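Worksheet: the structure to be examined is printed underneath.
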Amino acid sequence: MPQADTLIRWAGGKSWFVSHFKKYTDGLEYNNYIEPFFGGGSIFFSAVEGHQAFLSDVNEELILMYQVARDHPEELADVFSSFVNSEQEYYRIRSWLPSSDIEKAARFLYLNHTSYNGIYRVNRAGVYNVPYGFRNMKCDRDRILSASKKLQNAVLTSGDFETFRDKIKPNDLVFLD
């Protein structure tokens, strides 16, 4: 399978580390891939092939977006592509409270691609409050479909990294950053 691009920009992303990771893991035999601080998923999307993956992050909106991308990529792409990248549209979508998981995932993806530096930040009330970033969206249908294929062997959960302790077995590869 060809390399899948990450779906999002994420503070602390590990795209710079992919070549180093591959250097140490190419040819390594392991059972499952486990990443409890998934974020943007650079390592998983670029360097993990053919393994059951257990991916988690404490950010519930992030994990929901990946679940929707995995299970409903066409619908996600349809809603996402209906959004316009403009400052006015950004603030409209930022204040929108979608009802369906597909709309929530599309909103998350859109805000990530159009916000200031792709930052994810919420206030004490849990309301996303990052300003518009005047950026070009770098996500499209092909990227969503590619990520969906890559995520087919992934179990995605939201929660504290401690929840993975019991799942780690001998010969699993755990990426902790």
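The values are calculated or read from the model by the stated rules, or taken from the named source; none is laboratory data. The structure displayed is predicted, hence computed values, not measured ones. Counting neighbours? That spans all protein chains shown, and the Cβs are built from the backbone with ideal geometry, glycine included. Protein only, heavy atoms only, side chains kept; ligands, DNA and RNA dropped before computing areas. Shrake-Rupley method; radii C 1.70, N 1.55, O 1.52, S 1.80 Å.
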Filter pass, residue 19 being hydroxyl-bearing (Ser, Thr, Tyr), part of a helix (DSSP H, G or I) and either without any contact (Cβ under 8 Å) to a residue 12 or more places away in the chain or closer than 24 Å to residue 159 by Cβ (or both): yes
Which numbered condition trips up residue 11, out of (1) more than 22 Å from residue 135 (Cα to Cα); (2) surrounded by fewer than 15 Cβ atoms within 10 Å (Cβ to Cβ)? (1)
Just one of the numbered conditions (1) under 30 Å from residue 171 (Cα atoms); (2) modelled with pLDDT of 95 or more is not true of residue 96; which one? (1)
If I ask for residues that are surrounded by 16 or more Cβ atoms within 10 Å (Cβ to Cβ) and among the aromatic types (Phe, Trp, Tyr), which ones from the range 14-36 would you list? 21, 33
Filter result for residue 153 (surrounded by fewer than 18 Cβ atoms within 10 Å (Cβ to Cβ) and farther than 30 Å from residue 32 by Cβ): no
Which of the following residues is under 16 Å from the mean Cα position of the chain (by Cα) and among the aliphatic types (A, V, I, L, M): 62, 28? 62
Scan of the range 65-87 for residues that are over 22 Å from residue 133 (Cβ atoms) and either of a type in the set (A, V, I, L, M, F, W, C) or more than 15 Å from the chain's Cα centre (by Cα) (or both), ordered by number: 68, 74, 75, 78
May I ask you to list the residues in the range 62-74 that are open to solvent by 70 Å² or more (accessible area, probe 1.4 Å) and not in a loop (DSSP other than H, G, I, E, B)? 71, 74
Which of (1) loosely packed, with under 12 Cβ neighbours inside 10 Å; (2) farther than 19 Å from residue 38 by Cα does residue 160 not meet, given it meets every other one? (2)
Cβ pairs under 8 Å, 6+ apart or interchain, first in the range 111-135 and on the phi > 0 side of the Ramachandran plot, second assigned to a loop (DSSP other than H, G, I, E, B) and surrounded by 17 or more Cβ atoms within 10 Å (Cβ to Cβ), ordered by first then second residue, are 117/9; 117/133; 118/8; 118/9; 118/10; 118/133
Take the residues in the range 110-142 that are out of contact with any strand residue (DSSP E or B) (no Cβ under 8 Å at 6 or more places or on another chain) and crowded, with 19+ Cβ neighbours inside 10 Å, then tell me which one is farthest from residue 42 (Cα to Cα). 110
